[in-house]
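**Q** So that we are looking at the same thing, I have put the structure below in structure tokens.
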Amino acid sequence: MIVKPFMPRLVYFEPKALEYPLGKQLFDKFEKMNLEIRYTTSHNQIRDLPGDNDFQKYRVAKSTLVVGVRKTLRFDTSKPSAEYAIPLATGCMGHCHYCYLQTTMGNKPYIRTYVNVEEIFEAADKYMEERAPEITRFEASCTSDIVGIDHLTHSLKRAIEHIGESEYGRLRFVTKFDSVDHLLDAKHNGKTRFRFSINADYVIKYFEPGTAPLTKRIEAAAKVAKAGFPLGFIVAPIYLHEGWEEGYYHLFERLDAELPQEVRKDLTFEFIQHRFTKPAKRVIQKNYPMTKLELNEEARKYKWGKYGIGKYVYKDDEQLEIQKHLHVYMKKFFPEAKLEYFT
Ligand code: SF4
């Protein structure tokens, strides 16, 4: 299956966005493509999305791009993978049933891109100055799959180059898409770690519609590593299903078979077990009523979380099993890779 690079079906502009070069450029581009363009006073409030019911509106929203100006230039923290989340976009056109955006975006699933990139970079510079000479890591995919929309905006490419010029900055992001060609010549200076999200066949097949197939992600990973980017893989969410041990073994086996040897020198892995919150469960069941995703609180361990929203993770003995198995697989196929964390 081929997933074409994302193209919105409907685009909204905040009038203020047209005062920025990127806003104007996107407007001209979408106008030439004859896309339907509407206006909105705020990227946080789109009231007239087409669709007769929430189910339809949700699907329309996932193919709607809103071009706006980011007002909050205070960055969220982003543990454990980085110090701060750099806000270049919010939302994603993918349809992963378990997506963490179900909790954070709830009723605003449309995709927002911010055109005041220079102001966002200035804010990033201040964070780096505050911490210097400590390294400051920025995560660009906390609120979106940024790679999936960057072929339209190139703001990620600019962020890669901006951080590439900094002394104490590092950038990281993760993707399930393969539209990476425009990023290959970005002057990253080795300061951006390009990560791909990978999973067992079962999880990709049942829970990740609208994303690139695994083979395409691995191909894209090889391309970016050959362009000198430090490379990483995030196995997430690690999901217990019948035959999960073989499923994840097969994943590592396949990664080993398809990833060229020469791109493995500086390879990292991150392991993230499946988790859900109560509000996310409600949204998932509304938007994907037929999902096979197991969301049974009783079968999980409750973990207190930020803003009083606790999450349900696997029980301790299951977590140990997951850790043990995946660690063994990683060591077997990628003995030199570094495991950054399991969470
Ligand atoms: Fe969510 Fe990532 Fe899937 Fe997009 S690709 S829907 S951000 S999990």
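Just so it is clear, none of the values below were taken in a lab; they were calculated from the coordinates. Only a predicted model underlies this, so the values are computations on that prediction, with no experimental measurement involved. A quick note on method: Cβ atoms are made from the backbone with ideal geometry, for glycine too, and the neighbour counts reach across all protein chains shown.
**Q** Quote to one decimal, in nm, the extra length available between ILE37 and TRP304 on full extension: 0.36 nm per residue of separation minus the C-alpha distance between them.
**A** 91.9 nm
**Q** For MET7 and LYS315 in the same chain, what is the full-extension length gain: residue separation times 0.36 nm, less their Cα-Cα distance, in nm? Mind dumping the intermediate values first?
**A** Values: separation 308, 0.36 × 308 = 110.88 nm, distance 4.06 nm.
Additional length available on full extension: 106.8 nm.
**Q** Related question: How large is the Kirkwood hydrodynamic radius of the chain, in angstrom, based on all distinct alpha carbon pairs? All intermediate terms of the calculation are to be shown ahead of the outcome.
**A** Values: mean 1/r = 0.0480 Å⁻¹.
Taking every pair of different Cα atoms in the chain, averaging 1/r and inverting gives 20.8 Å.
**Q** Suppose each label sits 7 Å from its Cα in the direction of the beta carbon; what would the GLU294-THR343 distance come out to in nanometres?
**A** 2.4 nm
**Q** Fully extended, how many nm does the chain gain between GLN285 and SER63 (0.36 nm per residue separation, minus their Cα-Cα distance)?
**A** Values: separation 222, 0.36 × 222 = 79.92 nm, distance 2.01 nm.
Length gained, GLN285 through SER63: 77.9 nm.
**Q** Here's another thing I want to ask about it. Sort by residue number and report every cysteine in the chain with no other cysteine beta carbon within a distance under 4.7 Å.
**A** CYS92, CYS142
**Q** Treating the beta-carbon of each Lys and Arg as +1 and of each Asp and Glu as -1, no other charges, what is the dipole magnitude of the chain about its Cα centre, to the nearest 20 debye?
**A** Numbers: 53 positive and 47 negative charges, 144 e Å.
Here the chain has a charge dipole of around 700 debye.
**Q** At R0 = 56 Å, how high is the FRET efficiency between ARG74 and GLU253 if r is their beta carbon distance? Nearest 0.05 is fine. Before the final figure, lay out the partial values.
**A** Details: r = 44 Å, r/R0 = 0.78.
The calculated FRET efficiency here is 0.80.
**Q** Hey, could you grab the Kirkwood Rh for the range 192-343? Inverse mean 1/r over distinct alpha carbon pairs, Å, one decimal.
**A** On the way: mean 1/r = 0.0606 Å⁻¹.
Every distinct Cα pair counted, the radius reaches 16.5 Å.
**Q** For the residue pair LEU240 and HIS325, what label-to-label distance in nm results when each label sits 7 Å from Cα along the Cα-to-beta-carbon direction?
**A** 1.0 nm
**Q** Compute the distance in nm between two label points, each set 7 Å from the Cα along the Cα-to-Cβ direction, one at ASP266 and one at GLN25.
**A** 2.7 nm
**Q** Go through the range 146-244 and name the GluC sites (Glu not before Pro) that are in a DSSP coil and have 14 or fewer other Cβ atoms within 10 Å of their Cβ.
**A** Taking the range 146-244 and a limit of 14 other Cβ atoms within 10 Å, the loop GluC sites (Glu not before Pro) found are GLU167, GLU242.
**Q** For the range 114-130, just list the computed ³J(HN,Hα) in residue order, Karplus coefficients 6.51, -1.76 and 1.60, θ = phi - 60°, integers in Hz, with x standing in for Gly and Pro.
**A** Values per residue, Gly and Pro as x: 10, 8, 7, 4, 4, 5, 5, 5, 4, 5, 4, 4, 5, 4, 5, 4, 4 Hz.
**Q** Mean residue ellipticity at 222 nm from the helices of the chain, using -39,500 (n - 2.57) per DSSP H segment of n ≥ 4 over the full residue count, to the nearest 500 deg cm²/dmol? It would help to have the intermediate numbers written out before the result.
**A** Details: 11 runs with 121 residues, N = 343.
Roughly -10500 deg cm²/dmol at 222 nm, from the helical runs in the chain.
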